[in-house]
């Protein structure tokens, strides 16, 4: 008997909807890089935020100490690159630049990511109104 998948859909539906919107305005080979970059950024931020909250709850004041994250193989996400900050600027026309700068600041703090993260969200071809 096949079980029906009834799991809750969180941000995955939003990412999929965004992919559908991009699909009409650019080539599939292009939009996959946009969407995967955003998913990776969200993933990094979520993992960081989980550890951040744990450190806040401990009450020792180590929540901005990079070593606390790297000791557990968690990438450090600077304040301006955290998903909550990016989300605040999502409806502004410079949102592409905000994401590019977030990627750059994550690379600056995490040398193993240097030159790896996509930083092409501010290019004119991407429609930033959606």
(request) Take the Cα pairs of segment 50-104, get the Kirkwood Rh, then feed it into Stokes-Einstein at 10 °C and 1.306 mPa s and tell me D in µm²/s. (result) 128
(message) Taking 30 Å as R0, compute the FRET efficiency from the Cβ-Cβ separation of residue 33 and residue 73 and round it to 0.05.
(response) 0.75
(request) Set the Förster radius R0 to 25 Å, insert the Cβ-Cβ distance between residue 58 and residue 89 as r into 1/(1 + (r/R0)^6), and round the FRET efficiency to 0.05. (result) 0.25
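Bear in mind these aren't lab numbers, they're just calculated from the coordinates by the rules spelled out. Model, not experiment: these values are computed from the prediction. All Cβ positions, even for glycine, are placed from backbone atoms using ideal geometry, and neighbour counts span all protein chains on display.
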